[in-house]
Amino acid sequence: MKPHKFNGSPCRIKQTFLLRIAIILLLIVVIYLPSLRAQQLPVNDIYKDYLQVLKVNGTLTNLDKPFDIPDNKYPTLQALDSLKQHPWASISAPAFQVDSTQDLLILPHDIKLRTYWQSMEPGGWHDGPVWQGRGFTTDFSTGFFAQYSIFSASFHPHLIFNQNQHLDLSPYQTRSGRSIYSYPLGNIDWSQRFGNHPFWTFDPGNSYLRADYHGWTAGLSNELMRWGPAQENALLMDSNAPGFRHFFIGTSEPKDIYIGYLQTKLIWGKLIESDFFDSNSSNNERYITGLTLSFNPKPVPNLQLGINRIFYETISPEGIPARDLLQVFEALTKINFVKGSNVGGNDQADQLISLFGKWTFPKSGLQIYGEWARNDHSWNWRDFFTEPEHSRGYTLGLLKTFNLNDKKILSINAELTQLEASKTGAFRGYPTFYVHGKSVQGYTNRGQLMGASIGPGSSSQYIASSLYLRKGRIKIFGQRVAQNNDFLYESNAMLDANIQNPNNKKYWLHNVEMRFGASLTYFYNKFETALGVTFRRELNDNYVYKNDENYLGLHLSIRYRLSKLR
């Protein structure tokens, strides 16, 4: 790995100063805050999907207290113990049970082994620290959880082996000074391949140290996060890249503010460049800070509205200015930053902002949701209202559940995502989603995307159905992804005579991938086994007319349930 340093000067933020901030935040929580909320359900865990379905169909919904069972929390899983009429009520108990009388609680995480195989090129999404290169990829994870008083810690690492077999790289030339394995179609650290040899990776996974008291929390974490209501393509924060080290402070349960309930989280962390991007060692690290905030109005108990905001920028040799600790609270328009020679109101950081909402109707077993995002500031509010579509992206979706009987629940999830440039890009500068001119690695961590898995300039239509049975789950899905249409519209590189016939019409050349998949999860005693297959039909691969390819991906995972920790 490249050397990582967080340098500073007397007027800049140093690593020791950030550590002091973290300690102060923890002390604030310890001194001023009072009820325990600790272990979280990880993003992408099958139990999280199941609990979401139970909340939508009304099994876990209390209309008077809409956030009585908060998203992702371990107590939500415990709440299932009191329910008898749901498909998974008869699942075998794990090997270790919680003794609530103990002052010090130590429990193991499940032992989990996952193996993937990709036939011709990398695949997979929502797999966190795992990069599924061609051939076999194996991921082993376990660990432990400890809790004493208001403090809790989780050590949940991954040991990953990548066979990383040879694959044909893109025919397009990478930028000067970039690795041959870097992404050639934009200014972003989204690796085509991680070198040309098999390799091992140790990743800390969903590990953290935190304090929880009276509905507030603070700590240091490497956990994966998904912000907003999207199931498949969350725009600002999703689980397609390894977690990154960050400090956080926020609520661990909804706070009553009289007119409704509020939940929030603030983060400060560091993103790392991959080993296969460029040879410039001075820009290997980026500072990232973010805010997510959601509100549930009491008059509309199952409506949730919220905002997400992210800033990231390259860490210079001098460090990060102290004012950037509160960057998420700065003005929303560029005109506020005009001064001196900076007549354009530009800064060194890239901003991503989104508004989201979801509305659940438990009596109908229906949830509708959406997220609308911007990849750039508007010049002023007049500019925003005249061209709100400039640099925008959005996801719209719904989740519908059907109670077939007390042993079977059927769910259907449909989602539409759009990250392509709007027509405003024809006559004004347009920043492709997740790409930035100053932070040349874009919105990535260790060579993988932090946002939606479909990537820059892309669009997606997704539909899936899951049948929850007494012994597990059957899931099928279909998806169409138009990959990086921004590149197709803005470049003529694909018309080079060395790539294809330059007389081909550009509207013939959309690089579209059709994905179809199925998976089966089966519970037997304390074992949980999952089998999955994904078929991908790629049309006009690399934007070459009728250069169509077929890809196959397989997945096998086995988990031994040691405890109710996930």
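FYI, it's all coordinate maths here, none of it is from the lab. Values in this document were obtained by computation on a predicted structure and should not be read as measured data. Cβ placement follows ideal geometry from the backbone for every residue including glycine, while neighbour counts extend to all protein chains displayed.
Miscellaneous remarks
- Karplus-derived HN-Hα couplings along region 146-161 (A = 6.51, B = -1.76, C = 1.60, θ = phi - 60°), whole Hz, x at Gly and Pro: 10, 9, 9, 6, 8, 9, 9, 9, 10, 10, 9, x, 10, 10, 10, 10
- Listed values for region 461-467 are Karplus-derived 3J(HN,Hα) couplings in whole Hz (6.51 cos²θ - 1.76 cosθ + 1.60, θ = phi - 60°), namely 10, 10, 9, 9, 9, 10, 10, and x replaces Gly and Pro.
- A cut-off of 5 Å between modelled amide H atoms, ignoring neighbours fewer than 5 places along the same chain, links residue 207 with 156, 222, 223.
- Whole-Hz ³J(HN,Hα) from phi, Karplus 6.51 cos²θ - 1.76 cosθ + 1.60, for region 174-182, glycine and proline x: 6, 5, 4, x, 9, 5, 5, 8, 6
- Long-range amide H partners of residue 183 with built H, under 5 Å: 190, 192
- Cut-off 10 Å between beta-carbons: net charge of the residues surrounding residue 354, Lys and Arg +1, Asp and Glu -1: +2
- Per-residue [θ]222 nm for the chain (sum of -39500 (n - 2.57) over DSSP H runs n ≥ 4, rounded to 500): -2500 deg cm²/dmol
- For residue 228, no residue whose modelled amide H falls within less than 5 Å of its own remains once neighbours fewer than 5 places apart on the same chain are excluded.
- Exceeding the 25 Å Cα-Cα cut-off - candidates 48/475; 48/400; 48/526; 265/438; 265/400; 400/564: 265/438; 265/400; 400/564
- Taking a ≥ b ≥ c as the square roots of the eigenvalues of the alpha-carbon gyration tensor, the chain is classed rounded because a/c is under 1.5.
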